[in-house]
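This report concerns only the one structure given below.
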Amino acid sequence: MARITAYTSERLALDPPPLDRSVPLAELQATAGQTITAQGMGGAAALDLFADVLAPACLSIDHPRYLSFVAAAPTEAASLFDMVVSVTSIYGGSWLEGSGAVYAENQALRWLSDLAGLPEGAGGTFVSGGSTANLSALAAARRTWRDRIGDARRPGGLVVVSSAAHSSIASALELLDLEAIEVPVDESDRLTRAALDDTIAGLDAAQRSAICAVVATAGLTNSGTVDDIGAAADAASGLGAWLHVDGAYGGAALCSSGAVNRFAGIQRADSVTIDPHKWLFAPYDCAAIIYRTPALARATFTQHAEYLDVLTDAGDWCPSDYAPHLTRRARGLPFWFSLAVHGTDAYREAIDLTLAVASDAAEMIRGREDLELVLEPELSIVVFRVRGWAPDDYRRWSDHLLAEEIGFMVPTTWRGEMVFRACIVNPLTTVADIEAVIPSADEVVGWSR
Ligand SMILES: *Cc1c(COP(=O)(O)O)cnc(C)c1O
């Protein structure tokens, strides 16, 4: 216990933590070898192995120059409380077993619901990620559609969604045997009212009645663009369909006074996804799925079994009823604890800070002739090109940054062209950090082959 306590407090005190690196399998086979044996190696040796070999082979997501994908920057309070959640052996699936934990998680969900402007009765649960949250939302939408048309097995439901929506939506449609009606996006990848109305006008009566949901994205992962959620809400209500808003990444900006107006219409959603493990300073894994009418989710997900009747019949709030899961870790508690410790104002300030750094980074890029902003950052994602660079230049620069442990910024693709993308979710990231991962004027010239 002393060793673990020492290790964790040292790790938390690192400022910054080491970026570390991705290690090839053959190297790990040579250095870590066979770790599980009949006799066991004992706690000290296993911890040493982790600290010396395995942990350095995992990137530190909370490094301020981790700008790829969508990173995470858990608060110390949240990370520490994650340990408390494990030590206290809480069952997070039912009120009977985990009432105190469920109560606290629900207050954290309440805060998110209030930010989105959802009504008092809204609620849901924390699942492992935005992908599962989106799957849950669309499963509830499909069930509600089937109830509406009075055909519990009806195949072939349709979902109206932009061509730029997150890959997890396509995956959920595949799993649920639903089909996308793709709406073309504008030059910023946004779902617009005009394109949405055009697409829907092109559908026949049979197609319209097969629409279970309209999906809008509150912050695209590639660009940070926010869809016209109000238009999506109008379309959904016109069709009598479910409105799902995927705010896995961008929903966090609802707590910023400066950005909140971009999300107008989200208050009309039937379900909302927001990942505290992305931009709300919670450790993995923690994604909120919130329903306007939780009873519709219960009808979709509640598992029925003799040994569970005692839970179902009690009529209490059970998180297991709101997603395809039964046993669950009370994974919302680290997020709750950090909110309770710091207060929600601190969250607003931290989000505002990351938004300001993104906008300052964009300004810095605009000031360089050898760089070009691909689009104005709407949230905290900055997409830019290096003039004259070929795809291989981007890849080699990105590899160089990681190999030298300078930072982690992988390229992305915009309209078929390779470009750089920096996603800022860490309040410790500064404009100087962004500058450190961008090639200097000399490097831009020297690097290009
Ligand atoms: C990240 C993301 C997801 C998927 O969330 P996971 O937690 O990675 O499963 C879904 N939608 C959007 C918009 C995202 O940014």
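Every number here is computed from the coordinates shown, using simple stated rules; none is lab data. The structure presented is a predicted model; accordingly, all values stated were derived computationally and were not measured. We place every Cβ from the backbone using ideal geometry, glycine too, and count neighbours over all the protein chains shown.
Some points to look at:
- Convex hull of the stretch 82-342 built on C-alpha atoms - directionally averaged projected area, nm²: 13.8
- Candidates Thr312, Thr37, Thr132, ranked by Gaussian network fluctuation over the chain, Cα under 10 Å, top entry: Thr37
- The orientation-averaged shadow of the Cα convex hull for the chain, equal to a quarter of the hull surface, comes to 24.2 nm².
- Label-to-label distance for Thr37 and Asp345 is 5.7 nm, based on points extended 7 Å past Cα in the beta-carbon direction.
- Calculated [θ] (222 nm, deg cm²/dmol) that DSSP helices of n ≥ 4 give over the chain, each run adding -39,500 (n - 2.57): -13000 deg cm²/dmol
- Compared with the direct C-alpha span, the chain from Ser86 to Ala26 gains 18.3 nm at full extension, assuming 0.36 nm per residue.
- Of the DSSP H helices in the chain, those whose Cα atoms cover at least 24 Å axially and whose Kyte score averages -1.0 or more: 95-116, 130-149, 344-366
- Antiparallel bridges, percent of DSSP beta bridges restricted to the chain (to nearest 5): 55
- Given 10 as the ceiling on other Cβ atoms within 10 Å, longest exposed-site-free region of the chain for GluC sites (Glu not before Pro) in DSSP loops: 188-368
- Dimensionless Rg ratio for the stretch 2-66, taking C-alpha atoms and the 2.2 N^0.38 Å reference: 1.25
- Computed from backbone phi, the HN-Hα couplings of the stretch 251-266 come to x, 4, 6, 4, 8, 8, 4, x, 9, 4, 5, 5, 9, 3, x, 4 Hz, rounded to whole numbers (Karplus: 6.51 cos²θ - 1.76 cosθ + 1.60, θ = phi - 60°; Gly and Pro given as x).
- Residues whose placed amide H lies under 5 Å from that of Val374, excluding near-sequence neighbours: Val383, Phe384, Arg385
- Quotient of C-alpha Rg and 2.2 N^0.38 Å, computed over the stretch 348-447: 1.02
- Cα centroid separation, the stretch 295-309 to the stretch 180-220 (Å): 32
- Extension gain for Ala2-Ile149 works out to 46.9 nm (0.36 nm per residue, less the C-alpha to C-alpha distance).
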